[in-house]
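*Asks:* If you scroll down you'll find the structure; I have some questions about it.
The values are calculated or read from the model by the stated rules, or taken from the named source; none is laboratory data. All of these numbers come straight from a predicted model, not from anything done at the bench. Positions of Cβ are backbone-derived with ideal geometry, glycine not excepted, and every protein chain shown enters the neighbour counts.
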Amino acid sequence: MLSASVRAMRATCGPYGVTSYVDGFRHGHATHSRMQRPKMTADEVFRGALWLLWRVLRLPLSVFLVILEPVVRFVLGALALLGVLVALFFKAYGVPHFPFALMLGVSVGLGLMLVGYHALLRLFAR
């Protein structure tokens, strides 16, 4: 024969001693037939659809960006370095009408594109 405290615990916590939840309510406080689910608004449906779309598209895009990362890093890094070296060489050689500042700006822009690519990788990897 079970004691009164064990019977009370099983009545509120279930047969395994673990509190079970149904839509945020304990079994002892509400039942399926009496629970009222709140109505979903159009805003909540829209947010749910966007969340699901994000989850579905995030993984393939992340895999694609990770596969391309070594190529993008090599190309952008090499072009940025080459641009700086060419700009310094032409400045030292004294080529007339050479756009030194523009060439350095393009090289810095390529480096910033690489930073942006890594930011995209972190965004899709979350």
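*Asks:* Given the residues Leu79, Leu59, Leu53, which is the only one that is closer than 27 Å to Val115 by Cα and at pLDDT 95 or above? Working first, answer last.
*Replies:* On the way: Leu59 fails: at pLDDT 95 or above; Leu53 fails: at pLDDT 95 or above.
Of Leu79, Leu59, Leu53, the one residue that is closer than 27 Å to Val115 by Cα and at pLDDT 95 or above is Leu79.
*Asks:* Of the residues that sit in the stretch 106-122 and are under 10 Å from Leu79 (Cα atoms) and among the small types (Gly, Ala, Ser), which one is nearest to the chain's Cα centre (by Cα)?
*Replies:* Filtering the stretch 106-122 for residues that are under 10 Å from Leu79 (Cα atoms) and among the small types (Gly, Ala, Ser), the one nearest to the chain's Cα centre (by Cα) comes out as Gly111.
*Asks:* Something else: Write out, first by first residue and then by second, each pair whose Cβ atoms fall under 9 Å of each other, whose residues are 6+ apart or on separate chains, and whose first residue, in the stretch 50-68, is in contact (Cβ under 8 Å) with a residue 24 or more places away in the chain while the second is assigned to a helix (DSSP H, G or I) and β-branched (Val, Ile, Thr).
*Replies:* Leu65/Val72
*Asks:* May I ask you to verify whether Gly105 is assigned to a helix (DSSP H, G or I), farther than 30 Å from Pro60 by Cβ, at pLDDT 95 or above and of a type outside the set (S, T, N, Q)?
*Replies:* Numbers: assigned to a helix (DSSP H, G or I): yes; farther than 30 Å from Pro60 by Cβ: yes; at pLDDT 95 or above: yes; of a type outside the set (S, T, N, Q): yes.
Taking the combined requirement at face value, the residue satisfies it.
*Asks:* Check Thr19, Thr31, Thr41, Thr12 and return the single one that is modelled with pLDDT under 90 and touching a Gly at 6+ places or on another chain (Cβ under 7 Å). Explain how you work it out, then say what you get.
*Replies:* Numbers: Thr19 fails: touching a Gly at 6+ places or on another chain (Cβ under 7 Å); Thr31 fails: touching a Gly at 6+ places or on another chain (Cβ under 7 Å); Thr41 fails: touching a Gly at 6+ places or on another chain (Cβ under 7 Å).
Among Thr19, Thr31, Thr41, Thr12, only Thr12 is modelled with pLDDT under 90 and touching a Gly at 6+ places or on another chain (Cβ under 7 Å).
*Asks:* Okay, moving on. Just wondering, is there one or more residues in the stretch 90-102 that are among the small types (Gly, Ala, Ser) and surrounded by 13 or more Cβ atoms within 10 Å (Cβ to Cβ)?
*Replies:* no
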